Amino acid sequence: MIKNNRFISIYLSLFIYMLFFYGCETPFDGIDTSGVSKSGKSKTAPDITDGGVNRYLNLMSLNYSDTVITGKFHDWRPESKYRLKAGYHNGYDFAAPAGTEVPAGWEGTVTDIIYWGYGEFAVKIKKNKQMTQYGHMNNLRVCIGQKITTGQIIGKIAVDHVDVKMKVNGYYYDFGKQ
Ligand SMILES: [Zn+2]
């Protein structure tokens, strides 16, 4: 019985894995880790020069002109179905209707596709010491290892907003400060 369950879960994982690769036009060519420090995390000032929260708002507005920011960095958040504990919000929420296409705000390589439950996914895109994560999406158009350019559509809004978080050198970074 246990053995059977294990087989089922292996096949299920394979199936989910294949779903992620389905429709991926860019061949897998490895994850770009050039420039990633192996010496550990640092709190030194990040070297982001390619724009911030307003530039991303403009990108979202190309797909839905009334996109608004409904959540900001370090807003306090109560417990919710997505959150076991109350705490700070480490990103920005951009509100637009379900089905609105979500662009990448920063270029990089897709390193993670995470299932958040409730039919919603998050995608992580990394370049050097910078990682951006886009959450609450469905209809993903990416696969692991794919190179993404700024403005490229990566998925669609699942419910009513996309949550965008950034880490630099391993720490959450307020990209609205710029
Ligand atoms: Zn959020």
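Structure summary
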read-out	value
Only one of TYR82, TYR115 that is within 17 Å of the chain's Cα centre (by Cα) and more than 15 Å from the ligand (Cβ to nearest atom)	TYR115
Looking only at the range 150-173, and only at residues there that are in a loop (DSSP other than H, G, I, E, B) and within 13 Å of the ligand (Cβ to nearest atom), the one that is least open to solvent (accessible area, probe 1.4 Å)	ALA158
Among the candidates THR132, THR109, residue that is away from the ligand (no atom under 16 Å from the Cβ) and either of a type in the set (Val, Ile, Thr) or out of contact with any helix residue (DSSP H, G or I) (no Cβ under 8 Å at 6 or more places or on another chain) (or both)	THR109
Test for GLY99: is it surrounded by 10 or more Cβ atoms within 10 Å (Cβ to Cβ) and modelled with pLDDT of 90 or more	yes
When residues of the range 54-79 are limited to those that are in a helix (DSSP H, G or I), within 16 Å of the ligand (Cβ to nearest atom) and not hydroxyl-bearing (Ser, Thr, Tyr), the one nearest to ASP160 (Cα to Cα)	MET60
When residues of the range 69-93 are limited to those that are surrounded by 13 or more Cβ atoms within 10 Å (Cβ to Cβ) and among the acidic types (Asp, Glu), the one nearest to ALA122 (Cα to Cα)	ASP93
In the range 118-140, residue nearest to ARG77 (Cα to Cα) [restricted to those that are in a strand (DSSP E or B) and in contact (Cβ under 8 Å) with a residue 60 or more places away in the chain]	GLN130
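Results for (1) in contact with a Ser or Thr (Cβ under 6 Å, 6 or more places away or on another chain); (2) without any contact (Cβ under 8 Å) to a residue 60 or more places away in the chain, shown as yes or no for each residue.
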residue: ARG77; (1), (2): no, yes
residue: LEU84; (1), (2): no, yes
residue: ASN90; (1), (2): no, no
residue: ASP93; (1), (2): yes, no
residue: ALA98; (1), (2): no, no
residue: VAL102; (1), (2): no, no
residue: ILE113; (1), (2): no, no
residue: TRP116; (1), (2): no, yes
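The values are calculated or read from the model by the stated rules, or taken from the named source; none is laboratory data. Since the model is a prediction, treat every value here as computed from it, not as a measurement. Because the Cβ atoms are built from the backbone with ideal geometry, glycine has one as well, and the counts that use them run over all protein chains shown. Quick note on the areas: whole protein, heavy atoms, side chains included, nothing else; ligands and nucleic acids left out. Shrake-Rupley method; radii C 1.70, N 1.55, O 1.52, S 1.80 Å.
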